[in-house]
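Q: Quick one: this structure, given as C-alpha cells, is what I'll be asking you about.
The values are calculated or read from the model by the stated rules, or taken from the named source; none is laboratory data. Keep in mind that this is a model prediction, so the values were computed, not measured. Neighbour counts run over all protein chains shown; Cβ positions are idealised from the backbone, glycine included. The accessibility values were calculated without ligands, DNA or RNA, using every heavy atom of the protein model including side chains. Shrake-Rupley method; radii C 1.70, N 1.55, O 1.52, S 1.80 Å.
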Amino acid sequence: MGRQDSGTDDPRVKVRAGKGSRPRSKRRPDYSKAARGQVVAIDRGRYTVYVDGVRVQCVKARELGRGAVVMGDLVHLTGDLSGTGGTLARIVEILPRHGVLRRSLEEVPGARGEKIVVANADQLVVVTAAADPTPRAGMVERCLVAADEAQIPVILCMTKTDLADPAPFLRQFAGFDLQVVQTQRGGDLSELAEALAGRFSVLVGHSGVGKSTLINELIPGADRQVGEVNELTGKGRHTSTSAVALELPAGGWVVDTPGVRSFGLSHAEEENVLRVFPGTLAATEYCLPNCSHLAGEPSCALDTWARGEAPFDEGDLAWRQDLVQRARGLLEAVATPSP
C-alpha cells in the first residue's frame, strides 16, 4: 500500500492511519450457560448475589449501565463464585423481570420518572400498626395500586393489635382482594411466617409500624435496628436505610425496604386504581368514551353506580359512595404527571 498523501512535503507532518472499513460485529457474548443468581443486597456499587446457597460479592459489567441492576434481579454472572472474602464476580446479564414493584418519584423535588423498588417479587406485605403510629388507609390503597400494576398479591399485616382494635380500620377494606394477618407485640407469628414461606416478599410500611421488629422475630440474628415513635408527631423514625433481602429459616426471602412516605402513582393506569376498589371497574364499562372518572365528569357511570340507579341495582349505597370518593382521590394522583 502506497504512502498516504499529506498534502505537504514537510517531513514533520504525520498522517494518522484511517479507521478500517470493516463493520462492527453484531455478535455478543453468550451468557446463557453462565451461573445464575439473585441480587439480595446493593451497597454503593457492590452487589450481593445468592448463587446455589452461596453469597457472592459482585460488580456489574460496564455495558449494563448505571442503575441497571436492582434488588431482586435474576442475573448471570462470571468470575470467582466461591464467596470467599476479597473475591469478586461480575454481573454480565440481567434476566427478564416479573413482579416489578415500582413507584413514581413525584414526591421528590426535581425528580422525574419512576423507581423500581424490587424486581421478581412474589407478593407485597403492607405493614401498618393498629396504633402508635395511627394507621393510614391512603398508604394501603396506594400500595394496592402499585401491587396491581406489578401483578402480585397483597398481604395486609396489622401489627400492635394489642394496643387498639384493628376492626374499624379493616372495615374500610371489606371486599378488597387482600389477605389480612394480625399480630401483637411479642405474640405468635406463625400465621405470618406461613404466608411468607417459600416466597420472595417485599415489606413496605411507614416508619415505626414494626417492620424491623417483625423481621428480628422471624429471622434470629437479623439484627435490624428498631426505632421508637415520636410522641409529639406520632410518626416513626427511619431505621432501615437501604433495601436488603433476608433469608427466612423455613425458606423464602423478605425484603426490608426503608420507610417510605407513599407510593407515587403517576406511572400507573386508571385500570390499576379501579381494579383495587371492588365494583368500580365494572361500573365504568357504562361510561362514555374518554371518561376520566373524576368528580364532575358528565355522565360518569361511577356516580350512577353510587346512587344505585339503572342499570345498577341499589346495593349498599354508603359503601359505594365511599369507594368512589377514595378511588377518585387516587385517580387524580395517576392523572397528575411527575414534575
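Q: Once you list every other residue whose beta carbon is under 13 Å from the beta carbon of Tyr50, what net charge do they have if Lys and Arg are +1 and Asp and Glu are -1?
A: It works out to a net charge of -1.
Q: Heavy atoms of the protein only, probe of 1.4 Å, neighbouring chains included. What is the accessible area of Thr336 in Å², nearest 10?
A: My reading of the accessible area for Thr336 is about 80 Å².
Q: Using a 1.4 angstrom probe on the protein heavy atoms only, line up Lys211, Lys115, Lys60, Lys33 by accessible area, largest first.
A: Lys33, Lys115, Lys60, Lys211
Q: Still on this structure, I have one more. At R0 = 45 Å, how high is the FRET efficiency between Thr78 and Ala335 if r is their beta carbon distance? Nearest 0.05 is fine.
A: In this case the efficiency is close to 0.50.
Q: Within the set Lys33/Lys60; Lys33/Lys115; Lys115/Lys160, which residue pairs have Cα atoms separated by over 26 Å?
A: Exceeds cut-off: Lys33/Lys115; Lys115/Lys160.
Q: In nanometres, what is the gap between the two model label sites at Ala167 and Lys33, each 7 Å from Cα along Cα-to-Cβ?
A: So the label points at Ala167 and Lys33 sit 6.4 nm apart.
Q: In addition: Where only protein heavy atoms count, and the probe is 1.4 Å, what is the accessible area per residue for the range 118-221 in Å²?
A: Values: 3890 Å² over 104 residues.
Using a 1.4 Å probe on heavy atoms only, each residue of the range 118-221 averages 37 Å².
Q: For the residue pair Asp223 and Gln151, what label-to-label distance in nm results when each label sits 7 Å from Cα along the Cα-to-beta-carbon direction?
A: Distance between label points: 4.1 nm.
Q: Mind ordering 43-51, 146-154 by average Cβ neighbours within 10 Å, highest first?
A: Highest-to-lowest ranking by the protection proxy: 146-154, 43-51.
Q: Quick one: accessible surface of Leu170, probe radius 1.4 Å, all protein chains present, in square angstrom to the nearest 10.
A: Answer for Leu170: close to 30 Å² accessible.
Q: May I ask you to list the residues of the range 29-48 whose amide nitrogen lies under 18 Å from a point 7 Å from Cα along the Cα→beta-carbon direction of Ala68?
A: What the label zone holds, given the 18 Å backbone N cut-off, is 29-40, 42-48.
Q: Okay, next question. Can you give the extra length, in nm with one decimal, that the chain gains between Ser299 and Asp316 once fully stretched, where that is 0.36 nm per residue apart less the Cα-Cα distance?
A: Numbers: separation 17, 0.36 × 17 = 6.12 nm, distance 2.09 nm.
Going from the current span to full extension adds 4.0 nm.
Q: What's the FRET efficiency of Gln325 with Gln184 using the Cβ-Cβ distance as r and R₀ = 45 Å, to the nearest 0.05?
A: E between Gln325 and Gln184, to the nearest 0.05, is 0.90.
Q: Carbon and sulfur atoms: what percent of the 1.4 Å accessible area of the range 50-209 do they account for? Don't jump to the answer; show the numbers that get you there.
A: On the way: 3330 of 7080 Å².
Heavy-atom surface of the range 50-209 belonging to carbon and sulfur, 1.4 Å probe: 47 percent.
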